[in-house]
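Written below as structure tokens is the structure these notes are about.
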Amino acid sequence: MKHARLMQYCSEYWEEALSENKIKITINGIETLCDRDDTILKVAKKIGVKIPHLCNDKRLEPYGGCRLCIVEVKGVPRPLPACTTPATENMEIITDNDSIRKLRANLIELLLSNHPNDCMRCERTGDCKLQNLSYEYGVDGSRFEGEKWDLPIREDNPFISYEPNKCILCGRCTRICNEVVMAGTIELTGRGFNSMPDTAFKKPRTLENCEFCGQCVSTCPTGALTDRKGRGKGRSYDLKKIKTTCSYCGTGCNFYLNVRDGKVVKVTSDTDAPVNQGNLCIKGRYGYDFIHSEDRIKTPLIKIGDKFVEAAWDEALDLIAEKFSSLMKKHGNESVGAFSSSRCTNEENFLLSKFVRTVFRSNNVDNCARV
Amino acid sequence: MPAKKTAKKADIKDLVIRVCVGTGGLAAGSQEVMDEFGSQLKSHGIKAEIVKKCVNKTGCRGFCAKDVLADVILNDKSETYQLLTPEMVSRIVEEHIVNGSPVKEWLVGPEYHAFHDKQTKILLKQCGHIDPEDIDAYIKIGGYEGARKIFSLEPSEVIEEIRASGLRGRGGAGFLTGLKWELCSKAEGSPKYIICNADEGDPGAFMDRSVIEGNPHSVIEGMVIGGYAIGANYGYVYIRAEYPLAIQRLKIAISDARKKGFLGENIFKTKFDFDIKIKEGAGAFICGEETALIASIEGKRGMPRAKPPFPAHKGLWGKPTVINNVETLSTLPTIITQGAKWFSSIGTEKSKGTKVFAITGKIKNTGLIEVPMGMSLREIVYDIGGGCEKNCALKAVQTGGPSGGCIPASHIDMPVDYESLMAIGSMMGSGGMVVMDDTTCMVDMAKFFLSFTQNESCGKCTPCRIGTKRMLEILTRITNGKGREGDIELLLELGNSIKLTSLCGLGMSAPNPVLSTIRFFRDEYEAHIRDGICPAAVCKALRIYTVSVELCKMCGKCFKACPSAAIAWEKKQPAKIDKGKCIKCGACYEACPFNAIL
């Protein structure tokens with residue numbers, strides 16, 4: 001009886017689901033429903049099936065370059081990439097078996113055969129997708145010894161270090177630059193074994209050709225692109241990651257401040273952030289020098305004569321209250337106003353507006369709303 | 001024989017001289033030959049405008065080995081001259097045109113007729129006959145009749161006709177053209193596009209170039225038919241910039257077709273608009289792959305993308321697009337005029353019609369041929385191609401260009417069609433056919449093709465970018481005499497994995513030359529690795545040069561040629577090579593006039 005009711009429930013569930021233009025697919029024996037245009041990778045992720053990949057980033061269009069996400073689909077004679085293949089009705093997918101593992105291992109070996117494999121001194125050790133895959137599949141590149149790239153590290157700008165030798169040509173940097181930032185700073189250049197991401201005519205990155213948003217760094221799965229300012233200051237596992245909201249403008253991007261010994265050493269993306277999905281601009285990613293700057297103003301300053309003199313908060317606030325009160329008494333409420341900064345949070349801006357309207361009883365309130 | 005003066009007047013009316021001025025002809029000096037014909041006729045007192053009328057340029061007729069070729073048609077009697085130079089023209093004009101007796105020793109021989117007689121020419125029929133820069137010449141032979149005819153049909157009827165003909169794409173994959181059109185015509189989205197893929201890149205293949213150079217209007221007509229069938233008002237021709245003559249002729253043809261109302265608005269006085277734009281490729285082999293080609297037209301880096309979605313659903317600018325090869329498109333007018341039934345009567349059950357092949361390599365009659373699908377390889381190589389050069393033994397035939405595979409001589413009787421070629425591990429490809437004899441080293445040959453694909457890989461996917469590089473390194477090591485036990489197995493493992501995991505057709509087929517040569521010539525690989533011998537004596541590093549004492553005439557030429565002082569020689573003494581000092585450069589081998597260096 002119980003079983004029959006369950007069956008009925010299931011069939012009703014499927015009918016309802018199917019009527020909403022959902023389709024049924026099976027991944028590793030798990031039946032699930034998905035939208036018609038969902039890729040296999042997306043559906044697998046949703047139901048908790050892990051498929052390895054290097055060139056996929058949810059901020060980017062599916063690419064199908066690294067080939068690691070290949071899966072077997074029943075009735076198809078060759079493996080298909082999960083990241084670009086859309087699910088179709090009644091598709092039956094196997095994501096892991098001996099032959100797939102062997103093909104993936106081969107691909108990892110090929111990548112490692114043109115990689116310095118200097119994990120011991122690499123910035124990304126512990127946070128490197130290629131390293132993890134090499135560990136998981138138990139392979140190195142030694143079977144396919146041959147020519148390796150031997151190119152110098154490129155540090156032609158203050159923010160981004162580029163070690164071409166560590167590049168695996170996943171194209172994430174070039175795609176984020178062109179699809180998301182639309183800056184067109186870098187693109188794949190050259191052909192065959194010598195193709196690599198680079199600027200036009202291999203020119204150094206300057207403000208003429210690059211926004212220095214560091215988006216390319218944020219998506220690089222290996223140590224090819226790293227934040228220059230944070231190099232040598234600690235690897236991922238040494239750093240405490242503190243999630244915060246950017247204080248530069250009103251957009252409210254989230255990111256992680258990476259802190260070691262009480263000092264911010266770099267900023268990393270939070271790809272789950274609701275506002276920015278991990279995307280940042282130059283200020284959010286690289287404009288954190290002020291935090292530990294010697295010149296940073298840490299207390300209020302009161303101008304006495306020609307000079308600013310450090311003061312306590314109470315002292316400063318009392319002075320402001322006194323001055324505002326006397327001005328309002330003398331010239332009326334409309335004679336004062338407030339101008340808030342877009343570097344304040346929405347809540348702070350709201351408070352100021354409320355304060356001016358209710359305490360000052362003035363409508364003179366504005367915000368720069370720009371940086 | 002009539003008197004000289006009267007003969008000249010009567011004959012000139014019916015005189016036609018056709019000189020082959022395709023790229024091959026031009027390289028052999030056909031423009032000079034044509035000019036010489038003109039000036040010689042003028043010097044015989046014939047008016048300039050008549051000379052202009054009767055001296056015609058045509059496209060390539062296929063037999064490039066004998067260029068410059070020219071037909072002299074006098075009173076409906078055609079004679080063909082071969083290997084012409086401008087110096088020969090005055091005698092031909094004097095003896096043949098003026099006096100009526102052809103210069104027999106310069107006429108084409110039996111191999112010219114053997115080369116042509118076994119062919120079935122549909123596509124190349126008019127190449128070599130009509131002036132490609134004259135739209136009226138094309139119209140005169142029934143050109144644009146196919147395009148005119150389709151407007152009395154519904155687009156779906158046109159698609160059905162092409163479907164019924166069984167025509168398959170001539171670019172390599174062999175997808176049914178009618179089916180491709182149907183998918184695109186049913187796809188949602190507007191506007192739709194039709195693209196002509198003229199980015200012919202296989203080494204040694206030049207059929208698309210020849211068709212465009214010899215009969216550009218057939219391509220335009222094919223595009224009009226395709227455009228009408230799928231509902232596209234715009235067409236692109238994606239053509240390599242390395243084909244300047246083809247581009248020039250296509251431009252002339254497009255502008256002439258516009259003037260006649262065959263392109264532009266309300267073509268053929270119907271309500272249908274259709275126009276064509278030429279997009280010149282920048283010289284990347286990969287741009288022949290349809291999704292890379294689309295990216296290139298869109299102004300992006302030419303890299304393939306994953307399919308699905310197929311271009312028929314999401315192609316150029318994200319709109320439904322059909323991409324057909326030059327050969328496919330220029331076959332269409334004939335199918336429309338002669339009917340699907342006629343076309344499908346040619347060829348085999350699954351491969352219909354004819355296919356153009358570029359036969360090159362160690363074969364007597366190199367050139368461009370068109371044969372019905374299913375013709376045996378033997379007929380192609382021996383009857384049309386005339387067999388191997390110097391009567392050497394045939395070893396293998398490579399079909400499908402760098403992506404194809406080798407067919408060993410033991411399979412010479414196999415039919416040449418899509419299925420049979422796939423079954424043997426090769427492919428039709430664009431129709432390259434390289435003939436190899438026993439002086440070809442199969443390992444070296446595989447290395448050559450693989451180095452081509454490696455250089456032309458776009459770099460997008462891992463197996464093609466690094467995998468082919470590693471295979472190439474292993475092959476190089478083998479040909480350098482440094483092969484190791486297990487190398488063949490490594491090549492097989494890598495090759496199969498590249499085939500399975502690559503993104504596009506280039507990577508999927510790149511290992512074919514290696515895999516098929518291992519399949520049929522594994523012993524050659526083993527000889528290189530285990531015995532340190534190159535059986536075809538091609539791989540220099542594996543050669544050991546010795547002097548045959550019997551053949552040596554003691555001239556000392558090898559001694560003088562040797563750059564590493566490895567040869568000891570004194571007057572009246574046979575030379576001797578010191579193996580320790582020999583750098584295997586082969587200079588002595590080349591220098592010896594008596595073939596005494598072995």
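The values are calculated or read from the model by the stated rules, or taken from the named source; none is laboratory data. Fair warning: this is a prediction, and the values are worked out from it, not measured in the lab. Every residue, glycine among them, receives a Cβ derived from its backbone with ideal geometry; neighbour counts consider all protein chains shown.
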Cβ pairs under 8 Å, 6+ apart or interchain, first in region B:98-127 and on the phi > 0 side of the Ramachandran plot, second polar (S, T, N, Q) and at pLDDT below 85, ordered by first then second residue, are none
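Can you tell me which residue in region B:152-162 is farthest from B:Val211 (Cα to Cα), limited to those that are buried (at least 16 other Cβ atoms within 10 Å of the Cβ) and touching a residue at least 24 places away in the same chain (Cβ under 8 Å)?
From region B:152-162, those buried (at least 16 other Cβ atoms within 10 Å of the Cβ) are B:155, B:158-162; that's our starting set.
If we keep only those that are touching a residue at least 24 places away in the same chain (Cβ under 8 Å) as well, we get B:155, B:158-159, B:161-162.
Values: B:Pro155: 26, B:Val158: 23, B:Ile159: 23, B:Glu161: 23, B:Ile162: 20 Å.
Filtering region B:152-162 for residues that are buried (at least 16 other Cβ atoms within 10 Å of the Cβ) and touching a residue at least 24 places away in the same chain (Cβ under 8 Å), the one farthest from B:Val211 (Cα to Cα) comes out as B:Pro155.
Could you check region A:33-92 and list, in sequence order, the residues that are touching a residue at least 60 places away in the same chain (Cβ under 8 Å), buried (at least 16 other Cβ atoms within 10 Å of the Cβ) and either within 12 Å of chain B (Cβ to nearest Cβ) or at positive phi (or both)? Break it down into steps so the answer makes sense when it comes.
The first filter runs over region A:33-92 and keeps only residues touching a residue at least 60 places away in the same chain (Cβ under 8 Å), leaving A:52, A:54-55, A:57-61, A:63, A:65-66, A:68, A:87-92.
Of the ones still in play, those that are also buried (at least 16 other Cβ atoms within 10 Å of the Cβ) are A:52, A:54-55, A:57, A:59-60, A:63, A:65-66, A:68, A:87, A:91.
Listed by number, the residues that qualify are A:Leu54, A:Cys55, A:Tyr63, A:Gly65, A:Cys66, A:Leu68, A:Ala87.
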Select the helices (runs of 4 or more DSSP H) contained entirely in region B:9-68, then report the ones holding at least 2 residues which are closer than 19 Å to B:Gly128 by Cβ and in contact (Cβ under 8 Å) with a residue 24 or more places away in the chain.
-> B:23-28, B:30-43
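Out of B:Val397, B:Val434, I need the residue that is assigned to a strand (DSSP E or B), hydrophobic (A, V, I, L, M, F, W, C), surrounded by 18 or more Cβ atoms within 10 Å (Cβ to Cβ) and in contact with a Leu (Cβ under 8 Å, 6 or more places away or on another chain). Which one?
Details: B:Val434 fails: in contact with a Leu (Cβ under 8 Å, 6 or more places away or on another chain).
Just one listed residue meets the conditions, B:Val397.
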How many residues does region A:130-168 contain that are buried (at least 16 other Cβ atoms within 10 Å of the Cβ), part of a loop (DSSP other than H, G, I, E, B) and either of a type in the set (Lys, Arg) or within 14 Å of chain B (Cβ to nearest Cβ) (or both)?
-> 5
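Test of understanding: among B:Val322, B:Val381, B:Val371, which residue is touching a residue at least 24 places away in the same chain (Cβ under 8 Å) and closer than 23 Å to B:Gly59 by Cβ?
Values: B:Val322 fails: closer than 23 Å to B:Gly59 by Cβ; B:Val381 fails: closer than 23 Å to B:Gly59 by Cβ.
Matching residue, one of B:Val322, B:Val381, B:Val371: B:Val371.
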Given (1) away from chain A (no Cβ under 14 Å); (2) over 30 Å from A:Ile70 (Cα atoms); (3) in a helix (DSSP H, G or I), number of the condition B:Pro513 does not satisfy | (2)
Would you mind finding the one in A:Asp127, A:Asp98 that is surrounded by fewer than 19 Cβ atoms within 10 Å (Cβ to Cβ), out of contact with any helix residue (DSSP H, G or I) (no Cβ under 6 Å at 6 or more places or on another chain) and more than 9 Å from chain B (Cβ to nearest Cβ)?
-> A:Asp98
Check B:Ile254, B:Ile276 and return the single one that is without any contact (Cβ under 8 Å) to a residue 40 or more places away in the chain, in contact with a strand residue (DSSP E or B) (Cβ under 9 Å, 6 or more places away or on another chain) and buried (at least 17 other Cβ atoms within 10 Å of the Cβ).
-> B:Ile254
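Inspect all residues belonging to region B:275-288 and state whether any of them is within 20 Å of B:Met223 (Cβ to Cβ) and assigned to a loop (DSSP other than H, G, I, E, B). If you could, list the steps in order and put the result at the bottom.
Taking region B:275-288 as the starting set, the residues that turn out to be within 20 Å of B:Met223 (Cβ to Cβ) are B:275-281, B:287-288.
Adding the requirement that they be assigned to a loop (DSSP other than H, G, I, E, B) leaves none.
So far as region B:275-288 goes, no, none of its residues is within 20 Å of B:Met223 (Cβ to Cβ) and assigned to a loop (DSSP other than H, G, I, E, B).
Every residue, every condition in (1) of a type in the set (A, V, I, L, M, F, W, C); (2) surrounded by fewer than 22 Cβ atoms within 10 Å (Cβ to Cβ), yes or no:
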| site | (1), (2) |
| --- | --- |
| B:Cys458 | yes, no |
| B:Glu473 | no, yes |
| B:Ile478 | yes, no |
| B:Gly481 | no, yes |
| B:Leu500 | yes, yes |
| B:Asp523 | no, yes |
| B:Ile533 | yes, yes |
| B:Ala541 | yes, yes |
Which residues, counting only those in region B:279-291, are within 14 Å of chain A (Cβ to nearest Cβ), crowded, with 22+ Cβ neighbours inside 10 Å and either more than 14 Å from B:Cys196 (Cα to Cα) or acidic (Asp, Glu) (or both)?
-> B:Phe285, B:Ile286, B:Glu289
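Among B:Val224, B:Val219, which is the only one that is among the β-branched types (Val, Ile, Thr), farther than 16 Å from B:Glu157 by Cα and either modelled with pLDDT under 95 or part of a helix (DSSP H, G or I) (or both)? Before you say what the answer is, go through the steps one by one.
Details: B:Val224 fails: farther than 16 Å from B:Glu157 by Cα.
Result: B:Val219 is the single residue among B:Val224, B:Val219 that is among the β-branched types (Val, Ile, Thr), farther than 16 Å from B:Glu157 by Cα and either modelled with pLDDT under 95 or part of a helix (DSSP H, G or I) (or both).
Can you pull out the residues in region B:451-495 that are assigned to a helix (DSSP H, G or I), of a type in the set (S, T, N, Q), at the interface with chain A (Cβ under 9 Å from one of its Cβ atoms) and within 19 Å of B:Gly404 (Cα to Cα)?
The first filter runs over region B:451-495 and keeps only residues assigned to a helix (DSSP H, G or I), leaving B:451-456, B:462-479, B:487-495.
Those left that are additionally of a type in the set (S, T, N, Q): B:451, B:453-455, B:462, B:468, B:476, B:479.
Filter once more, so that each one left must be at the interface with chain A (Cβ under 9 Å from one of its Cβ atoms): B:453-455, B:462, B:468.
Correct list: B:Thr453, B:Gln454, B:Asn455, B:Thr468.
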Residues that are of a type outside the set (A, V, I, L, M) and surrounded by fewer than 22 Cβ atoms within 10 Å (Cβ to Cβ), drawn from region B:506-520 | B:Arg519, B:Phe520
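Scan region A:104-121 residue by residue and report those that are of a type outside the set (Asp, Glu) and surrounded by fewer than 21 Cβ atoms within 10 Å (Cβ to Cβ). If you could, list the steps in order and put the result at the bottom.
Step one: of region A:104-121, the residues of a type outside the set (Asp, Glu) are A:104-108, A:110-117, A:119-121.
Once the filter is applied, which keeps residues that are of a type outside the set (Asp, Glu) and surrounded by fewer than 21 Cβ atoms within 10 Å (Cβ to Cβ), region A:104-121 yields A:Ala105, A:Pro116, A:Asn117, A:Cys119, A:Met120, A:Arg121.
So, in region B:163-178, how many residues would count as being in contact (Cβ under 8 Å) with a residue 12 or more places away in the chain and assigned to a loop (DSSP other than H, G, I, E, B)? Give the derivation first.
Within region B:163-178, the first condition is being in contact (Cβ under 8 Å) with a residue 12 or more places away in the chain, and the residues that meet it are B:163-174, B:176-178.
Among the residues that remain, those that are also assigned to a loop (DSSP other than H, G, I, E, B) are: B:166-167, B:169-174.
Final tally of qualifying residues: 8.
Please enumerate the residues belonging to region A:176-230 that are among the hydrophobic types (A, V, I, L, M, F, W, C) and within 14 Å of chain B (Cβ to nearest Cβ). Lay out the reasoning, then the answer.
Filtering region A:176-230 down to residues among the hydrophobic types (A, V, I, L, M, F, W, C) leaves A:176-177, A:180-183, A:186, A:188, A:193, A:196, A:200-201, A:207, A:210, A:212-213, A:216-217, A:220, A:224-225.
Scanning region A:176-230 gives A:Cys177, A:Met182, A:Ile186, A:Leu188, A:Phe193, A:Met196, A:Ala200.
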